[in-house]
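Right, one structure below, let's go through it.
The values are calculated or read from the model by the stated rules, or taken from the named source; none is laboratory data. Just so it is clear, the model here is predicted, and its values are computed rather than measured. Please note: Cβ atoms are built from the backbone with ideal geometry, for glycine as well, and neighbour counts cover all protein chains shown. Ligands, DNA and RNA are stripped out before the accessible areas are found, and what is left, the full protein with its side chains, is counted by its heavy atoms. Shrake-Rupley method; radii C 1.70, N 1.55, O 1.52, S 1.80 Å.
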Amino acid sequence: MTAEARTLDVSTGATGRTAGVGIVGCGAISGQYLDTLPRLDGLRLVAVADLDPGRAAAVAAEQGVRALTVDALVRDPEVDVVLNLTTPAAHEEVALAAVAAGKDVYGEKPLAADRAAAARVLVAADAAGVRVGCAPDTVLGTGIQTARRAVDDGLLGTPVAATATMVTAGHERWHPHPDFYYLPGGGPLLDMGPYYVTALVHLLGPVTSVVGASSRARATRTIGSGPRAGEEIPVEVDTHVTGVLTHASGALSTLVMSFDAPASQAPPIEVHGTLASLQVPDPNGFEGVVRLRGVTEGAADAWRALPVSAGFPDAGRGYGLADLVATPDGVEPRASGRLALHVLDVMESLLDAARTGARVEVGAAADRPRAVPLPTVPDDRGWLADALHET
């Protein structure tokens with residue numbers, strides 16, 4: 001069945017009715033959510049807002065909804081959940097405004113610019129009795145969830161270690177305005193790390209402590225495209241970060257995030273156990289092939305592909321939002337704000353460890369999220385309802 005034909009029914013979720021969605025931030029990432037929302041039955045886009053009124057008006061006209069100010073959107077009675085797609089620096093302000101208006105809020109990663117701001121959002125949400133969710137929801141797709149199923153089913157034996165690798169020469173080669181990647185709050189870890197660390201938590205559970213080191217290859221970068229091509233920009237953050245994460249389960253994950261090298265042939269993630277090793281697809285995507293190699297398997301059988309066994313098929317950005325809306329009261333959403341705070345704390349703790357040379361304990365606790373079972377009746381309307389409500 002094609003992605004266009006599939007729909008996700010969340011109308012029987014926590015709201016008990018179709019949930020009105022208001023988007024704050026109509027930049028590039030909003031297009032991916034707008035592509036997905038029409039096939040998330042039970043969610044209905046009702047309004048958009050942006051600091052650039054013209055951009056909001058253009059998206060509103062295209063989608064047939066209203067363009068509002070941010071203040072008007074979060075207070076609008078038709079908006080049940082605010083989808084926060086602003087820049088990281090504005091995540092806290094928009095989230096707190098939504099919470100103050102009594103609205104659930106789901107944001108792009110990271111939850112806020114730093115862990116202190118993220119914690120303030122969660123404290124306010126708990127006090128107001130509303131819920132917070134946060135990307136990435138790529139980990140809810142068939143790629144990471146099939147890998148998790150292999151771990152949970154014991155195919156690896158006892159998990160002992162994992163590696164996560166992201167290597168690129170730097171975003172200035174293609175991004176016309178890459179300045180923020182090299183300013184405080186940027187860098188390879190905070191930019192791409194949420195995908196990898198979130199996946200590792202799904203696979204191996206929460207992290208308790210970290211050690212690490214970091215470096216900076218050069219003091220400036222040269223923009224390679226767009227109207228500013230050839231312009232040099234300053235580099236104010238370390239651009240290669242490596243660390244070891246100790247999971248509560250006892251497993252150790254080695255993380256390498258770099259803007260300083262051309263490429264790597266290493267799998268995005270590998271998980272190693274006493275019986276087998278697992279190659280895991282790119283956590284920045286929803287799908288991908290999972291491969292397993294057992295300790296007794298010879299070269300002819302090396303790295304056999306596993307069948308898809310878990311996760312939301314043909315998913316896109318917005319499935320975490322649908323899960324938030326559908327999750328019953330008293331149950332933690334899979335892409336929860338608490339998980340996002342834990343991941344942010346892991347990353348900031350790793351940067352602290354790199355700066356000080358000391359082991360750093362991770363203070364923000366989180367549980368391993370619930371797995372996503374593979375739907376059993378893919379041709380039925382509302383074909384993921386059981387998966388969404390699985391507790």
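Miscellaneous remarks
- Accessible surface for region 149-263, divided over its residues, is 38 Å² per residue with a 1.4 Å probe.
- Both radii were evaluated on the Cα set of the chain; the Rg over Rh quotient, with Rh as the Kirkwood radius, amounts to 0.96.
- Amide H contacts of Val290: Leu306, each under 5 Å away and 5 or more positions distant or on a separate chain (H built 1.01 Å from N in the peptide plane; Pro and chain starts excluded).
- In this simple spin-label approximation, Ala302 and Thr274 carry label points 7 Å from Cα along the Cα→Cβ vector, and these lie 2.6 nm apart.
- Here's how it looks for Cys134: its modeled amide H is under 5 Å from those of Gly107, Ser336, Gly337, which are all 5 or more places away or on a different chain.
- Peptide packing for 78-85, 154-161, 235-242 was compared via the average number of neighbouring C-beta atoms within 10 Å per residue; ordered from the highest value, the list is 78-85, 235-242, 154-161.
- Between Ser209 and Thr18, full extension at 0.36 nm per residue minus the direct alpha carbon distance yields a gain of 64.6 nm.
- Apportionment of accessible area to carbon and sulfur, the chain, percent (1.4 Å): 54
- Close amide-amide hydrogen proximity is noted between Ala161 and Leu252, His272, each under 5 Å apart and 5 or more residues distant or on a separate chain (H modeled in the peptide plane; Pro and chain starts excluded).
- Whole-number accessible area per residue in Å² for region 27-131, which is evaluated in the context of all protein chains at 1.4 Å: 44
- Theoretical gain in end-to-end length, Ala28 to Leu155 [0.36 nm per residue, Cα-Cα removed]: 41.7 nm
- Alpha carbon centroid spacing (whole Å) that separates region 301-337 from region 56-119: 23
- From phi via Karplus (6.51, -1.76, 1.60), per-residue ³J(HN,Hα) for region 317-324 in Hz, x at Gly/Pro: 5, x, 5, x, 5, 4, 5, 4
- In sequence order, calculated HN-Hα J values of region 65-77 (Karplus, 6.51, -1.76, 1.60; Hz; x Gly/Pro): 10, 8, 9, 10, 6, 4, 4, 5, 5, 5, 9, 5, x
- DSSP beta bridge pairing in the chain, given as percent antiparallel to the nearest 5: 60
- Computed over region 180-334: relative contact order in percent, which uses C-alpha pairs under 8 Å that are six or more apart: 16
- Accessible surface of Ser349 - all protein chains present, 1.4 Å probe, nearest 10 Å²: 0
- When the surface is traced with a 1.4 Å probe over the full set of protein chains, Asp104 keeps roughly 30 Å² accessible.
- Leu190 contributes an accessible area of around 30 Å² to the protein surface, as traced by a 1.4 Å probe with all chains present.
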